[in-house]
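Single-structure report; data block below.
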Amino acid sequence: MPQPSLRDLAEARALKSRALELREQELRNQLNLIRLEQNKLIAEADRYQRVQTDFEQRLNNLREGALATNFENARLILENMKPRQAKEQIQLMLDEGEMKQAVVLLSAMPVEKRAKVVAEFKTEKESEELAEMLRLIRAGEPEVTLIDETQRNLTE
């Protein structure tokens with residue numbers, strides 16, 4: 001077997017070295033492509049998050065607006081009822097465990113109308129429920145609960 005010449009060995013090493021350089025260059029190119037795609041994905045995820053946050057904020061604003069409008073409608077309906085009918089509707093709310101909602105509606109009524117509705121609470125059970133509603137009104141409901149919840153959310 002003939003022994004390879006120094007020139008043949010040098011050429012073989014040069015070819016191996018060049019092949020290695022080409023592989024390293026290809027790896028660098030592929031790594032750069034991966035980083036580019038990663039940056040695109042990060043930017044897309046950020047854009048998606050902004051769109052989602054904006055959508056959720058708009059949805060929340062619509063919800064709050066609808067609740068405020070519907071609350072105002074319910075209050076106006078109760079105000080325009082006869083005191084006895086308004087008391088019966090409030091009593092139904094109390095029977096369903098909607099004490100806070102009843103307090104909010106009652107406390108939002110004009111004083112004269114509120115006094116007429118309150119005068120309709122006559123039985124002992126109704127008087128106890130009225131006493132609880134008045135206690136909640138004195139305690140600052142519903143504003144105090146909202147303030148407390150907001151403060152709790154800020155500290156979390």
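The values are calculated or read from the model by the stated rules, or taken from the named source; none is laboratory data. These numbers were taken from a predicted model, which means no experiment stands behind them. Neighbour counts are summed over all protein chains in view; Cβ atoms, including those assigned to glycine, are modelled from backbone coordinates with ideal geometry. Heads up: the accessible areas ignore ligands, DNA and RNA and are worked out on the full protein's heavy atoms, side chains in. Shrake-Rupley method; radii C 1.70, N 1.55, O 1.52, S 1.80 Å.
Things worth noting here:
- Note on the stretch 1-52: Cα convex hull, mean projected area over all directions, 4.4 nm².
- Spread of Cα-to-Cα distances over 5 Å intervals beginning at zero, given as percent, for the stretch 65-147: 3, 15, 27, 29, 18, 6, 2, 0
- FRET efficiency, Ala131 to Leu62 (Cβ-Cβ, R0 35 Å, nearest 0.05): 0.40
- Mean-position separation - Cα centroids, the stretch 1-22 and the stretch 73-107, in angstrom: 96
- Rounded to the nearest angstrom and listed largest first, the equivalent-ellipsoid semi-axes of the stretch 38-112 from its Cα gyration tensor are 44, 12, 8.
- Dimensions of the stretch 92-135 from C-alpha coordinates, computed as largest minus smallest value along each principal axis and given longest first, are 24, 21, 19 Å.
- For the chain, the relative contact order is 17 percent, taking Cα pairs closer than 8 Å that sit 6 or more residues apart in sequence and dividing their mean separation by the residue count.
- The alpha-carbon of Lys100 sits under 27 angstrom from the alpha-carbons of these lysines, leaving out residues fewer than 8 places away in its chain: Lys82, Lys87, Lys113, Lys116, Lys122, Lys125.
- Percent accessible area from carbon and sulfur atoms, the chain, protein chains only, probe 1.4 Å: 57
- Distance histogram for the chain (every C-alpha pair counted, 5 angstrom bins, percent rounded to whole numbers): 1, 7, 10, 11, 9, 7, 6, 5, 4, 4, 4, 3, 3, 3, 3, 3, 3, 3, 3, 2, 2, 2, 1, 1, 0
- Max mean-square fluctuation residue, GNM over the chain, Cα-Cα springs under 10 Å, options Gln91, Gln25, Gln49: Gln25
- The residues packed around Glu126, meaning those with a beta-carbon under 13 Å from its beta-carbon, carry a net charge of -3 if Lys and Arg are +1 and Asp and Glu are -1.
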